[in-house]
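The values are calculated or read from the model by the stated rules, or taken from the named source; none is laboratory data. Every value quoted in this text rests on a predicted model; they were computed, and no experiment measured them. Keep in mind that these areas ignore ligands, DNA and RNA; they rest on the heavy atoms of the full protein, side chains included. Shrake-Rupley method; radii C 1.70, N 1.55, O 1.52, S 1.80 Å.
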Amino acid sequence: MRFALKRLLTALLTLLLVSLMTFAAFAILPGDPARVILGQEASVAQIDALRTSLGLDRPLPEQYVSWLGGFLSGDNGESIKYHQPINEMLTSYIPVTATLAALAIVLMALIAVPLALLAARFSGSWIDRVVSAFSTLSISIPGFFLAVLLIWVFGLGLRLFVAGRYVPLSDDLLGFLGYLFWPALAIAIPCAGMAAKYLRDSIVQQLQLDYIKTALGKGNTAGQVLRRHALKNSLIPALTMLGMIVGDVFAGSIIVESVFSVPGIGRLLVSSISYRDFPMVEVLVMYIACAVVAANTLVDIAIKLIDPRIRLR
Amino acid sequence: MKNPLSLPSRRLRAAFSVMIASLLATSLLLAGCSGGSGGNQASASGSATSSASASGNTSKAGGGEFRFGTNAEIDSLDPYLVVGGDAKGIVLFNIFEGLLKSDKDGNFFPAVAESYEVKDAGKTYSFKLRKGVKFHNGNEVTPADVRYSFDQALSGEFAHGSSAAFANIEKVDVTEAGDITITLKEANTEFTAFVTNAIIPADYTEHESHPIGTGPFKFESYAPQQELVLSKFDEYWQEGLPHLDKVSIINHADSNATLLSLQSGNIDGSALAADSITSVDESVYNIIQRNSNAVQLLALNNDYEPLKDPRVRQALSYAVDKKQIIDQAFGGYGTPVGTPIIPGLAKYFNASLTNAYPADVEKAKQLLADAGYADGFDLEIAVPSNYVVHVDTAQVIVNQLAAIGVSATIKQYDWATWLEDVYGNRNYQATVVSVGGASLSPGGELSRYRSDAEDNFFNFKSPAFDAKYDEAVAALDESKKASLYKEAQQILSEEAASVFIQDIAGLSAINNHFDGLVSYPIYAVLDFSLIKKVE
């Protein structure tokens, strides 16, 4: 219990730091939102008037405190770009990326776990080498290219889906999931490559240990040993990695959402940064950071539960 | 290192095959769903059939749906808040209308007004409100609505294309009978070009979420970064227009995503980069070339030491080969120019300046030597990196300048930084960008070259130009005005205020089941009302 509290405190501190750093990045970054909004036609007087109405003429600490106060009280204000309340907008964006991320993680597990088991089971054989080659290849393909490749092969070539025809969740649940399957696959493949590599190494390491020989000697079959003994012990490094992969999934969604024309928060983040839509960017970064920090905190707690020997401070 | 589990395990193999099977099943199931919901795409044999069936679904009434893809985002649906050039071209021309409206040749015709008259040599403009024009909410346009619309336009809180011209308005009188009189502080015979500001219902402030205008299409729905859906306004005042029942403007993150969407048949038309033409199926899409109605230039900061000397600027003008730029970076599509006025403004465009500086390396070198830069100088070209065409152009220019000994380098800026540093603070040496095209007024295009203009980011100063410009704006006789404007352009060319390159070709692909995508001499205007289905 005390451990969980400590973890929670660290998580909150991390989030505070993230918000400060995002804010600082925007303060340093050149580019004036008022100028972007008003475009080339605007006069200096108009730009100044808009800066005042956006509150950008206030001192930086004051801007930060007022933003933080709003964020904590759940009022994120209005998007500079869309002139709409941010909370209202995000109710349609967050479910999209959350679904995409969940689908990607499921697909990742469905690809990585069997491959890792197979490679570990036949470690050193040609199967192991093929799996290892797949891992290396999938990690090294740029996310953008993989996304375009999937569209070419399955969208334009095999016509399994229509590139760009995103189906909103409100229209049709199955169509929504069906379209998101492809971008999720594009996110999952590189993550799966990494996960398979980690898990395989971890299992192989466990299989070298004495307790496996003992377990085998007691008359257990190979499958029983793998499932009851080796897999559980191999899960600890794999779980640690799962926490990191959540971060990768969000990073992947930023590129993949753009290529697949999916209206999620990754794509919104990119366009908001180039528009200097500061309130929107800060909120999005905080939400993504929350998701990643929460996943890692949960993983730490889960590891502690699985293996009480590990002392995390 | 021998694997201790040398005996194959039946259970393991069974578990493994279950996993593989479930992975396959999931993918097939999901793929099946997406195919089914996308309009039977899975069974379609080619993009022609698929897109035809997609757009044919709603064609019961004959008009059909037109799906247009764009990577420009609509920043606002409020006609007095929208700023983005592409967004204006979509919103202001299809949902809204002003007292006057431009046709495809740049002539103005009365829209919400029935007739208009220019009096007192361009000091007074009077309009008569057209009877029976309706808003999308069914209400008839009243003089009070016109009054309210002009109050919005004059409030000056936000910038729009007409703000500079509207600052010249002394008063707007609207009578109960529907007579509108605009009195200007100073006469300006080009003012008709600005009376296109949207007429909106009085005291209606919900345009951001549900715009209401008098245009040919009414608003249906908008989801940012997804689509804007418009539908036919049945009570539109122009008989027989629009042809389409429904227009969907589909948003993509970038031109690559737009191209993929076009290739898959998801959309019926979109803008197209010159290098993508070969990627589009010619048997399905017609390629239409229009002007983009903005002049691409190598803007020179006349305050940068070497560029202070007009001979150096002339040397750069001789060194930059427009034809080579158009061939290498634009696949041969583009209209070379030698002035900031777009060719679309044919009456004022000084065509004789296009070849004022033919590519001539020797002459350029000579001019540089005369100015004391025989060994060349360093030039940093700032380019907004979001405009691939400008980055490509800058790369060609770097090579062309190397030939005359000027060592140019490219520095890429993101758009927001470019706007602030380069455009706003004039903290640059040279930059490649497109300028102009917001209105159909030559004065609007040239005003930024005045010595005291706030948006003169060239730091160009020429008393001769200022005098000629003022004379042209004040001129009342139309042909006299045109010739004065041409002389003013002549001065810009002789002084080589900047290197004027071209009006970039706006290429579009449109499914050959549709026709009527016409070009307007205003930047990015998309008039969906003229598009119709053909068989």
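At a glance:
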read-out	value
Descending Cα extents along the principal axes, the protein assembly as shown, whole Å	109, 70, 59
Table column - 3J(HN,Hα) (Hz), region A:79-87, Karplus curve with 6.51, -1.76, 1.60, x for Gly and Pro	6, 5, 6, 9, 6, 10, x, 4, 4
For region B:312-391: accessible area per residue (Å², 1.4 Å)	42
Cross-link reach list, lysines versus residue B:308, counting only Cα pairs under 18 Å and skipping chain neighbours closer than eight places	B:365, B:461
Carbon/sulfur fraction of accessible area - region A:86-306, other protein chains in place, 1.4 Å, %	73
Scaled radius of gyration (Cα, divided by 2.2 N^0.38 Å) that region A:47-192 gives	1.52
Heavy atoms of residue B:431 accessible to a 1.4 Å probe, total area in Å² rounded to 10	0
Length-normalised contact order for region A:86-306 - Cα pairs under 8 Å, 6+ apart - percent	27
Set of aspartates and glutamates with alpha-carbon distance to residue B:480 below 15 Å, sequence-local pairs under 8 removed	B:190, B:470, B:471
B/A buried area, accessible surface, summed, 1.4 Å probe, Å²	6100
Under 5 Å, built H, 5+ apart or other chain: amide partners of residue B:433	B:297, B:299
Region A:259-283 versus region B:284-358: alpha-carbon centroid distance in Å	35
Cross-link pairs beyond the 21 Å C-alpha cut-off, checked among A:197/A:218; B:88/B:246; A:81/B:246; B:101/B:134; B:104/B:532	A:197/A:218; A:81/B:246
Average projection area in nm² (convex hull over Cα atoms of region A:86-306, one quarter of hull surface)	14.3
From phi via Karplus (6.51, -1.76, 1.60), per-residue ³J(HN,Hα) for region A:89-94 in Hz, x at Gly/Pro	5, 5, 4, 9, 7, 5
Whole-number D in µm² s⁻¹ for region A:2-73, Kirkwood Cα-pair radius fed into Stokes-Einstein, 10 °C, 1.306 mPa s	109
Reach of residue B:363 by Cα under 19 Å, taken over aspartates and glutamates that are not fewer than 8 positions away in the same chain	B:309, B:321, B:375, B:494, B:495
Other-chain or far-sequence residues with amide H under 5 Å of residue B:385's (modelled H)	B:413, B:414, B:415
Under 5 Å, built H, 5+ apart or other chain: amide partners of residue B:101	B:109, B:111
Average accessible area per residue (Å²) across region A:100-157 - probe 1.4 Å, nucleic acids and ligands excluded	43
Equivalent ellipsoid semi-axes - Cα gyration tensor, chain B, angstrom	44, 37, 20
Karplus-derived 3J(HN,Hα), 6.51/-1.76/1.60, for each residue of region A:239-244, Hz, glycine and proline x	5, 3, 5, 4, x, 6
